[in-house]
Amino acid sequence: MNTRKTPVNVFDLVVFGGTGDLARRKILPAMFKRFCAGEMPDGSRLIGVARSAMPVEAYRDVVRAALDEFLKTPPDPEAVEHFLQRIEYVQLDAQGEDGWQSLAEMMLPDRMRAFYFSVGPSLFSDLAARLRLWGLADENSRIVVEKPFGHDLETAKALNAELATHFKECQIYRIDHYLGKETVQNLMAVRFGNMLFEPLWNSQYIDHIQITVAETVGVGGRGAYYQKAGAMRDMMQNHMMQLLCLIAMEPPAKFDPEAVRDEKLKVIRALDPVEPHHIIRGQYTSGEDVASFREDVADARSKTESFIALKCHLSNWRWAGTPFYLRTGKRLKTRSSQITVVFKDAPHSIFGPASGRHNNELTIQLQPDEGIILDVTIKEPGAGGMKLIDVPLDMSFAEALGPKADAADAYERLIMDVIRGNQTLFMRNDEVEAAWAWTDPVIKGWELRGDVPKPYDSFANGPDDSSQLLRRDKREWRGIKR
């Protein structure tokens with residue numbers, strides 16, 4: 001199997017927060033793998049920027065340790081040494097003037113510069129302003145900003161306005177690592193590249209759609225952040241919203257960044273307000289060797305949710321009457337992210353009531369094992385008459401595509417899209433604001449009602465009420481396929 005690569009020009013990737021957790025876990029390993037794949041041309045550099053004072057050799061030791069710790073397979077020592085020669089380091093104060101002259105002197109002309117803001121959102125505006133003040137960014141430069149992008153609509157608008165003061169929208173890359181997953185991108189290929197599915201992709205044939213993002217971990221060391229954010233802001237407003245957009249969007253006129261993002265925006269704007277009885281919130285309790293959510297956030301009266309499930313509707317012709325059920329939570333039974341498209345029953349069964357009810361399901365597994373499963377109805381083998389069963393047509397990417405299936409993870413793909421100037425998988429300013437405009441009333445509603453999240457056992461399926469959300473409609477949450 002041949003993997004086609006899009007060549008890139010010489011570039012500098014400047015990582016603010018270059019010694020932080022995200023840089024060590026994701027950015028540095030991702031760039032090393034792209035270096036090994038030949039996508040870091042001679043002369044390209046990765047420049048780490050942080051507050052700590054250290055010589056460049058000490059920072060290279062930090063990079064070496066990160067590669068040893070976070071790469072799935074031990075890196076080739078010779079390749080590591082060659083990669084480290086591309087690494088530079090600058091000590092800098094993001095909110096002051098120290099270090100900016102040193103960074104400016106390190107910049108070389110005639111190359112694309114990407115500035116990755118791997119820092120807290122409170123520093124985004126300061127960094128953007130100083131990049132312009134010191135002449136580090138030109139018309140060909142790009143900035144990458146991590147979530148959370150705002151805490152609500154008001155703060156998101158303010159941050160958009162601040163960044164727009166210094167950079168054009170085409171230079172701003174709001175990164176959501178979920179959109180870099182191979183299977184997420186395959187949503188568009190499955191839908192728009194196969195005549196098999198697109199004619200059926202509407203309310204006439206689809207009964208409902210479920211989107212689940214489940215994690216086994218608690219909030220851990222992110223307690224202070226999570227107490228302010230909760231599952232709605234941390235996951236639903238961005239990751240889950242993006243998955244909903246890709247599964248529900250209309251076919252864009254062409255596979256072009258603006259065309260794709262235009263269609264995603266239409267989905268968000270078509271979302272109806274969520275009824276209070278269609279919202280289930282929960283908090284995990286303590287279990288064997290694990291603390292409760294309230295212990296993790298150090299607030300015995302916390303009303304913040306670690307789990308949320310919603311029933312949503314879209315007011316448009318394609319999806320009128322088809323519900324979307326979304327759920328996400330911490331400390332659940334299994335770590336898995338999947339989308340399940342449940343097709344309607346056949347309008348008439350020729351096999352009689354003894355055959356039971358059967359329908360087709362398409363499951364897109366995003367993690368941990370990326371793949372696609374299509375459940376089809378067949379006759380049960382044997383001489384027992386016409387008895388029907390559902391069996392999966394199961395395509396694991398790892399099995400079907402071999403070692404090429406996991407050649408690149410989400411951060412590799414997204415960072416290289418930044419370098420190439422492709423914004424297809426990045427959120428636009430109006431898309432972010434539309435998502436918050438839908439999210440804010442949901443949050444304000446339960447705050448005004450004084451709703452308290454329902455407790456649920458650690459390593460379970462969430463609060464019992466989340467099952468009732470579907471059972472009221474004579475439906476069930478689908479189990480994890482893998």
Relative contact order, percent, segment 102-214 [alpha-carbon distance under 8 Å, six or more residues apart]: 22
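Nothing charged except the Cβ atoms of Lys and Arg (+1) and of Asp and Glu (-1): what's the magnitude of the dipole of the chain about its Cα centre? Round to the nearest 20 debye.
Details: 61 positive and 68 negative charges, 218 e Å.
So the magnitude is around 1040 debye.
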Interchain or long-range residues, amide H under 5 Å from K344's placed H: I206, D207
Distance (nanometres) between label positions extended 7 Å along Cα→Cβ at D98 and F192: 4.9
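Based on the mean of other beta carbon atoms within 10 Å per residue, what is the order of 331-339, 223-231, most packed first?
Ranking the peptides 331-339, 223-231 by packing returns 331-339, 223-231.
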Where labels lie 7 Å past Cα in the beta-carbon direction, separation of T377 and E288 in nm: 4.1
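Where nothing but the Cβ of Lys and Arg (+1) and of Asp and Glu (-1) is charged, how large is the charge dipole of segment 1-61 around its Cα centre, in debye to the nearest 20? It would help to have the intermediate numbers written out before the result.
Details: 10 positive and 6 negative charges, 56 e Å.
With Lys and Arg at +1 and Asp and Glu at -1, about 260 debye.
So what is the relative contact order for segment 175-255, in percent, with contacts set as C-alpha pairs under 8 Å and at least six apart? Could the numbers behind the result be given before it?
Working: 26 pairs, mean separation 35.3, N = 81.
For segment 175-255, the relative contact order is 44 percent.
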5 angstrom amide H check on G18, placed H, neighbours 5+ away: V49, A50
Options F115, G43, G99, ranked by Cα towards positive dipole end of segment 39-192, top entry (Cβ charges): F115
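Quick check on the chain: helices-only [θ] at 222 nm, where DSSP H runs of length 4 and up contribute -39,500 (n - 2.57) each and the sum goes over total residues. Nearest 500, please.
So the calculated ellipticity at 222 nm is -9500 deg cm²/dmol.
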Given charges at beta-carbon only (K, R positive; D, E negative), |dipole| of segment 89-217 in Debye: 300
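In what order, largest first, do K147, K72, K311 sit by accessible area if the probe radius is 1.4 Å? Mind dumping the intermediate values first?
Working: K147 55, K72 195, K311 25 Å².
My answer, sorted largest first, is K72, K147, K311.
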Residue-span extension gain [L71 to D430] - 0.36 nm each, minus C-alpha spacing: 125.6 nm
Selection from L243, A309, A410, by position along the positive dipole direction of the chain (Cβ): A309
Gained length - N316 relative to R471, 0.36 nm times residue gap less alpha-carbon distance: 53.3 nm
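Normalised by the residues of the chain, what does the relative contact order come to in percent, with Cα pairs under 8 Å and at least six apart? Write out the running numbers ahead of the final one.
Working: 824 pairs, mean separation 82.9, N = 482.
Result for the chain is 17 percent.
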Percent carbon-and-sulfur accessible area, segment 51-135, ignoring ligands, DNA and RNA, probe 1.4 Å: 49
Stokes-Einstein D for the chain, Kirkwood Rh over Cα pairs, 4 °C, 1.567 mPa s (µm²/s): 53
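Quick one: accessible area per residue over the chain, 1.4 Å probe, rounded to a whole number of Å²? Each step should come with its number before you reach the end.
On the way: 21980 Å² over 482 residues.
Value returned for the chain: 46 Å² of accessible area per residue.
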Distance-filtered residues of segment 324-354 - backbone nitrogen under 12 Å, label point 7 angstrom along L388 Cα→Cβ: 344-354
Filtered chymotrypsin sites (Phe, Trp or Tyr not before Pro), segment 95-139: DSSP coil and at most 16 other beta carbons within 10 Å: W134
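The values are calculated or read from the model by the stated rules, or taken from the named source; none is laboratory data. A quick note: this is a predicted structure, and the numbers were derived from the prediction, not measured. As a convention, Cβ positions derive from the backbone with ideal geometry for all residues, glycine included, and neighbour counts pool all protein chains shown. These accessible areas exclude ligands, DNA and RNA; they are computed on the full protein's heavy atoms, side chains included. Shrake-Rupley method; radii C 1.70, N 1.55, O 1.52, S 1.80 Å.
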